[in-house]
Amino acid sequence: MKPIVEFCVNNVANGGQIVLDKLEADDLVEVVTYDCLNECVICGQDFFALAEGKLVRAKTTDDLIKGIYQSLEEEGWL
């Protein structure tokens, strides 16, 4: 079973598309987008995703990618 990484479509539209594209190209994870993840304050400030339900946020897309993989590794998914 692949770990699920969830994205808010609004956060993706505000510059996070590169993160979404990178993860969609990775066969080790399942990517899901939603209209809203009810994290509006965070969404307006940072890039973020939910990695198996755990909030991961970062100021840059590179840091978000690193944070997502780190979170999944720490939780034993990768």
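The values are calculated or read from the model by the stated rules, or taken from the named source; none is laboratory data. Keep in mind it's a predicted model, so treat the numbers as computed, not measured. Every residue, glycine among them, receives a Cβ derived from its backbone with ideal geometry; neighbour counts consider all protein chains shown. Keep in mind that these areas ignore ligands, DNA and RNA; they rest on the heavy atoms of the full protein, side chains included. Shrake-Rupley method; radii C 1.70, N 1.55, O 1.52, S 1.80 Å.
For this structure, a couple of remarks:
- Scanning the stretch 19-59 for residues that are part of a helix (DSSP H, G or I), open to solvent by less than 90 Å² (accessible area, probe 1.4 Å) and either in contact (Cβ under 8 Å) with a residue 24 or more places away in the chain or among the aliphatic types (A, V, I, L, M) (or both) returns Val19, Leu20, Leu23, Ile42, Cys43.
- Evaluating Leu72 against the criteria (1) closer than 19 Å to Val9 by Cβ; (2) touching a strand residue (DSSP E or B) at 6+ places or on another chain (Cβ under 8 Å); (3) open to solvent by less than 90 Å² (accessible area, probe 1.4 Å) leaves one unmet condition, (1).
- Boolean, Glu52 is more than 12 Å from the chain's Cα centre (by Cα) and at pLDDT 95 or above: no
- Looking across the stretch 18-48, the residues that are more than 15 Å from Lys59 (Cβ to Cβ) and within 10 Å of the chain's Cα centre (by Cα) come down to Leu20, Leu23, Val31, Val32, Thr33.
- Hey, Lys66 in contact (Cβ under 8 Å) with a residue 24 or more places away in the chain, among the basic types (Lys, Arg) and either open to solvent by 60 Å² or more (accessible area, probe 1.4 Å) or assigned to a helix (DSSP H, G or I) (or both) or not: no
- Number of residues in the stretch 25-39 that are among the aliphatic types (A, V, I, L, M) and out of contact with any Lys or Arg (no Cβ under 8 Å at 6 or more places or on another chain): the value is 4.
- Hey, Val5 hydrophobic (A, V, I, L, M, F, W, C) and either open to solvent by 70 Å² or more (accessible area, probe 1.4 Å) or without any contact (Cβ under 8 Å) to a residue 24 or more places away in the chain (or both) or not: no
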